[in-house]
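The values are calculated or read from the model by the stated rules, or taken from the named source; none is laboratory data. As the structure is a prediction and not an experimental result, all values here were calculated from the model. Here the Cβ is made from the backbone with ideal geometry for all residues, glycine too, and neighbour counts use every protein chain on show.
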Amino acid sequence: MQRRAFLRGAGAAAAASLLLDREGLVGCQVFAPAPDAGPGLAVFSSAEAATLEAVAARMVAPLDARGLGVMHEIDRLLAAADDVTQHDLKQLLRLFDSSFFALLLDGRAERFTELGPSDQELALRKWRDSRLAARRSGFQALQRLCLAVAYADLSLYRDIGYPGPPALVRRDGTTVGGVLRRPADSSHPEP
């Protein structure tokens, strides 16, 4: 019994030491004031941008999130959002990359950005399938944001076989935006 207690204590001390080295006092960096925006960014710090870049790469795969500029577009959009929304998203990204919360909830001591692609996929699945509603909601918020920004890129339309939004035909016969499509069935006359 004494040996087990010693091993448990030694393991806890090693884990605490690991966390203290990486994130300050027991990983509570998540609740510290957010750092200023990184170079070339309006809202995100460099660490938050790296986390979002890694999350987006997994969320929009097989598309190239970096090539589409998903992280930079989210940063640009978030700059127009209110302070509460900015704070919440930044805090969510810091939670995603916190080794303390990963150890607490998933049993791993690595940050999300330190994981390989397959381990990142596993970490995302754990967020998606979590028993904690707040964790699932955080996953869904990031997934929807990343996918919406990625698929809003007009350069993808041709690649995914989407001809673009349809043209609107006014009563006077003029068209507004979009693509005017010919009906597939000739029995339907063109507008």
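Could you say whether any residue in segment 105-119 is touching a residue at least 24 places away in the same chain (Cβ under 8 Å), small (Gly, Ala, Ser) and assigned to a loop (DSSP other than H, G, I, E, B)?
For segment 105-119, residues touching a residue at least 24 places away in the same chain (Cβ under 8 Å), small (Gly, Ala, Ser) and assigned to a loop (DSSP other than H, G, I, E, B): present.
Residue-wise test of (1) touching a Leu at 6+ places or on another chain (Cβ under 7 Å); (2) among the charged types (D, E, K, R).
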residue: LEU115; (1), (2): no, no
residue: GLU121; (1), (2): no, yes
residue: ARG128; (1), (2): no, yes
residue: GLY138; (1), (2): yes, no
residue: ALA150; (1), (2): yes, no
residue: ASP159; (1), (2): no, yes
residue: LEU168; (1), (2): no, no
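Filter segment 144-191 for residues that are outside any loop (DSSP other than H, G, I, E, B) and surrounded by fewer than 13 Cβ atoms within 10 Å (Cβ to Cβ); which is modelled with the lowest pLDDT?
VAL179
I want to confirm something. Restricting to segment 46-74 and keeping residues that are under 21 Å from LEU124 (Cα atoms) and of a type in the set (Asp, Glu), which single residue is modelled with the lowest pLDDT?
The qualifying residue modelled with the lowest pLDDT is ASP64.
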